[in-house]
Amino acid sequence: MSPLLINIKRIKIGFKNILQILIILIFNNFLAILNAQNLPKNERVTTSVSQKDTVIAANEQLRDIVEFTSDFQRTDPPKKMTYLNKNAVVTYQDMKIMADYISIDWSTGKVFARGKQDEKGRVTEPVITEQAGKKYETDYFDFNYKTKQAIAYNARTEESEGVIVAEKTKKVNDSVFFMRRGKYTTDEYFIKKKDTIADYYLLAPNIKLIKGKNKSQVITGPVQMYIERVPTPLALPFGILPFSDKRTAGILIPSFGEKQDVGFFLNGLGYYQPIGEHFDVKVLIDFFTKGSWNIRPEVNYKKNYRYNGNFNSEVGTTVRGIKGLDDYSKSSTYRIGWRHQQDSKANPYFNFSASVDIVSNKFYNNTINNNHIFNQRVLNTQQNSTISATKRFLTLPVTITGAASYSQNFADNTVNLRLPQMNVAINQFYLFKPRNGGIREGLLENITVNTGLNFSNFVSNVKERDMFKAQMWDNLQTGLQNNISLGTNTTLAKYFTFSVSAQANNVLTTKTLTRNYNPVTNEVENVYNKKIAGFSTFSTNASLQTTLYGMLNFRKGALIERVRHMVTPSIGFTYQPDFGESKWGYFRNYYDANGQLTPYSIFDGGIFGAPSAGMVGALTYSIGNNIEMKVRSKQDSTGIKKVKLFESLNIAGGYNFAAKDHKWSMISVNGQTSLLDGKVSLNSSLVIDPYETVYNELGVGTRTENFGKFNLQGFNVQFAVPLSDALFNKDKKKPEELYNTRGEIRNENYYFDNYNYAHFSQPWSLNLNANYAYTKGMTRFGNKVASVGIDGSLKLTPFWNINGSTHYDFITKKLAYTRLGFHRDQRSFIIDFNWVPFGQYKVYDFYIGIKANILRDAIKYKDRSFTDPGAKF
């Protein structure tokens, strides 16, 4: 059954507008407008009446001068009646009444006003009342200035973003009002009177308003939403709604429906409570007939120009199937979320932010919240949370950052935690900058220094069940790191850029590693010792770079005019000592299963990594390429068009003089270009091993010293084709530029040609992407990845839009996550439909919501199917 999601707390705002306007408080003062006058008939009259007029008793004296005009005016002294006809205007204090006809019965105190009628007696021009800057419209009304009671018919007024029309409004006294069949809509066409029928309205057949000094209360019968005058399931049986200018508490009405594996449900039954000026709290509860339940508290807070945030969580138990059968399961889930953002202008020297989302490992597999499905969070394999605070100083070149991070891996159900972490960074500075502030020249004056201090507590690969228990604290590592780097560059012989740099890294840690082979379990055991130890590493780099140009010109008149090849060669040298030598004390040895002596670092798995063994004295090279050509083109205004053959084609590798074996490194090739005038982008990468690899009978490879037997280790090719109407219709004129006749069909804007055919722009987008990758490694056949994806949208009409996405895996030969949807802008409300047609997260979601801000979250309709866990691709 389709659920109803109407937030009473927010609906009360809409009713407040409806009731306050429909009651038409202007009738309280209407008595002062009219007085019995003896005027000649059938002539335009302008009259002012003062308090001393003898027709009104002393206790009924007016408080101000009454002015009124009309085309025709008549009095009947015996009956004590006054009649104003045609363009009757009455002004009293800040109130102005304009009507086609007004009559006053001075004996009973009754006043009647009516709008202009046609020959069939239908009101074509309403009675208009203006007071305190507001405008009110009614067909006609009765008012008694003695009893202060009034009845208004078909009262219409604009308030906030909408229009309110009530068939009948009765004022009993200054505090109690009754209304019959009050309608509220935010339809722009109806408000501007472009349409006589609203595309939607909210109908309350019976309403009672009790007004107090500081607070008012509304009691209503059923409230229902109509779309194109057709009733919808959006209804409430009754409402008791307190309202005021301040936020007030209220009950939140749930949605309801059925899910195959959890039964019938009530979703979102809850309570809303504002707390002070900056906070509000909402607590929602979900009930399911087969035993599932969920509690969802939420706190929102905001302080203008300072900060805003939201805290939300979900805690519950999911019961699937029938107890005693094979499909029965019961699991507990939780989710904790927090978002905090500080206004950038609040404090330029201090910033605090938080992005926290912590869930139980099986939360997304058991979620019954469709929002997690449509935003594709159910596909997450890892989730990260961070909290950080940054402090800067006005006079000090220092930035201090404190942070905590939490990373979840859903594949192996492990957690990595850093708590707390602090970084002190010194802003980059020049060591020998000129004192006079002039231009820096040479290697010395261009030396830059970067340094900082990093303190961290870190624990990795913790099982969720062990979080914040003794085992986790026992594995926690604490470390302190200082790094410093110096770099400089200069120009040599005008065409060469020479750069040199040096880096040093110093680490202190509270854990060291002892590694042994256990012959009983046939496993290598790692034992972490609680011992303060440290290591230092350093390295130096130097590089020389230049840019070369090559040009190939073709004969005059040829299609290709010129090809330009830009080459950016770079050569560098890196030196790092062998930190695996015994003099450093960073490495130990153990005997493996084959009895071979195997080295390891006592800092392996450490909080800031470990030193590397083996000296590095490597010569590195890099060759960057850019190839473009100019071709003749009649479509270009210059007659020449530039075509990119390769935006970039880079080749890199190196040779380590200090290595004992495999001195040559892998050769990497990376390329990027675009095709078909930029309609297709291509990215590719390639890794080549210059040494031969041999394989045993199990297909496991061993890298040999046989240089020159080049073999492919892996490659990756990615195509991306972002297509759109703008890409193909750059020079095509839009309908509004081609056709002068503009009109509407069912309130949608179109442009018409000479044959009265409608035309309109149909923007569309289509993104195609394909990926093919191969990784060989030390296996004979390697692994392949081949997939193609597509997503796009099409605007069928000015107010209809369809969209969708899908992904196909050629290796598994299955469609992955697929979504289809459409969006309809229905003038003053929207309709959205999203559908995941198959797979583990099969679901559909239908939504209707008001566009006006006042009702955007208060009035909405959702109908959803739910996930079938047993569904397969």
*Within the stretch 157-176, tally of residues that are at pLDDT 80 or above and surrounded by 21 or more Cβ atoms within 10 Å (Cβ to Cβ)*: 3
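Conditions (1) surrounded by 15 or more Cβ atoms within 10 Å (Cβ to Cβ); (2) modelled with pLDDT under 85, marked per residue:
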| position | (1), (2) |
| --- | --- |
| Ala758 | yes, yes |
| Trp764 | yes, no |
| Asn769 | yes, no |
| Asn783 | no, no |
| Gly789 | yes, no |
| Ser793 | yes, no |
| Asn803 | yes, no |
| Lys813 | no, no |
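So that you can scan it fast, the table gives a plain yes or no per residue for (1) in the same structural domain as Arg780 (by TED's automatic domain parsing); (2) touching a residue at least 24 places away in the same chain (Cβ under 8 Å):
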{"site": "Tyr655", "(1), (2)": "no, yes"}
{"site": "Ala658", "(1), (2)": "no, yes"}
{"site": "His662", "(1), (2)": "no, yes"}
{"site": "Met666", "(1), (2)": "no, yes"}
{"site": "Thr673", "(1), (2)": "no, yes"}
{"site": "Val687", "(1), (2)": "no, yes"}
{"site": "Asn706", "(1), (2)": "no, no"}
{"site": "Asn740", "(1), (2)": "yes, no"}
{"site": "Tyr757", "(1), (2)": "yes, no"}
*Can you name every residue in the stretch 688-720 that is touching a Lys or Arg at 6+ places or on another chain (Cβ under 9 Å) and surrounded by 16 or more Cβ atoms within 10 Å (Cβ to Cβ)?*
Asp689, Pro690, Tyr691, Glu692, Thr693, Gly701, Gln713, Gly714
*asked:* So, in the stretch 779-832, exactly how many residues are assigned to a strand (DSSP E or B) and over 30 Å from Tyr189 (Cα atoms)?
replied: 21
*Can you tell me which residue in the stretch 304-314 is surrounded by the most Cβ atoms within 10 Å (Cβ to Cβ), limited to those that are of a type outside the set (Phe, Trp, Tyr) and in contact with a strand residue (DSSP E or B) (Cβ under 9 Å, 6 or more places away or on another chain)?*
Glu314
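Filter the stretch 282-292 down to the residues that are of a type outside the set (Gly, Ala, Ser) and surrounded by fewer than 17 Cβ atoms within 10 Å (Cβ to Cβ) and list them by number.
Quick first cut of the stretch 282-292, residues of a type outside the set (Gly, Ala, Ser) only: 282-290.
Of everything in the stretch 282-292, those that are of a type outside the set (Gly, Ala, Ser) and surrounded by fewer than 17 Cβ atoms within 10 Å (Cβ to Cβ) turn out to be Val283, Phe287, Thr289.
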*Could you count how many residues in the stretch 177-203 are crowded, with 17+ Cβ neighbours inside 10 Å, out of contact with any helix residue (DSSP H, G or I) (no Cβ under 7 Å at 6 or more places or on another chain) and in a loop (DSSP other than H, G, I, E, B)?*
3
*Is it the case that the stretch 127-134 has a residue that's surrounded by 17 or more Cβ atoms within 10 Å (Cβ to Cβ), under 18 Å from Arg181 (Cα atoms), of a type in the set (Val, Ile, Thr) and at pLDDT 85 or above?*
no
*Under 9 Å between Cβ atoms, at least 6 apart or on separate chains: pull out the pairs that start in the stretch 463-486 with a residue that is assigned to a loop (DSSP other than H, G, I, E, B) and end on any residue that is surrounded by fewer than 16 Cβ atoms within 10 Å (Cβ to Cβ).*
Leu476/Leu419
*Can Ser612 be described as crowded, with 17+ Cβ neighbours inside 10 Å, within 50 Å of the chain's Cα centre (by Cα) and among the polar types (S, T, N, Q)?*
no
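Which one is surrounded by the fewest Cβ atoms within 10 Å (Cβ to Cβ), of the residues in the stretch 315-335 that are in contact (Cβ under 8 Å) with a residue 24 or more places away in the chain and within 25 Å of Ser405 (Cβ to Cβ)? Outline the logic, then answer.
Keep residues of the stretch 315-335 that are in contact (Cβ under 8 Å) with a residue 24 or more places away in the chain, which gives 316-322, 327, 330-335.
With the extra rule that they be within 25 Å of Ser405 (Cβ to Cβ), the set shrinks to 333-335.
Values: Thr333: 21, Tyr334: 14, Arg335: 20.
Among them, the one singled out is Tyr334.
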*Has the stretch 483-494 got any residue that is under 39 Å from the mean Cα position of the chain (by Cα) and not basic (Lys, Arg)?*
yes
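The values are calculated or read from the model by the stated rules, or taken from the named source; none is laboratory data. What you see is a predicted model, and the numbers here were worked out from it, not measured in a lab. Counting neighbours? That spans all protein chains shown, and the Cβs are built from the backbone with ideal geometry, glycine included.
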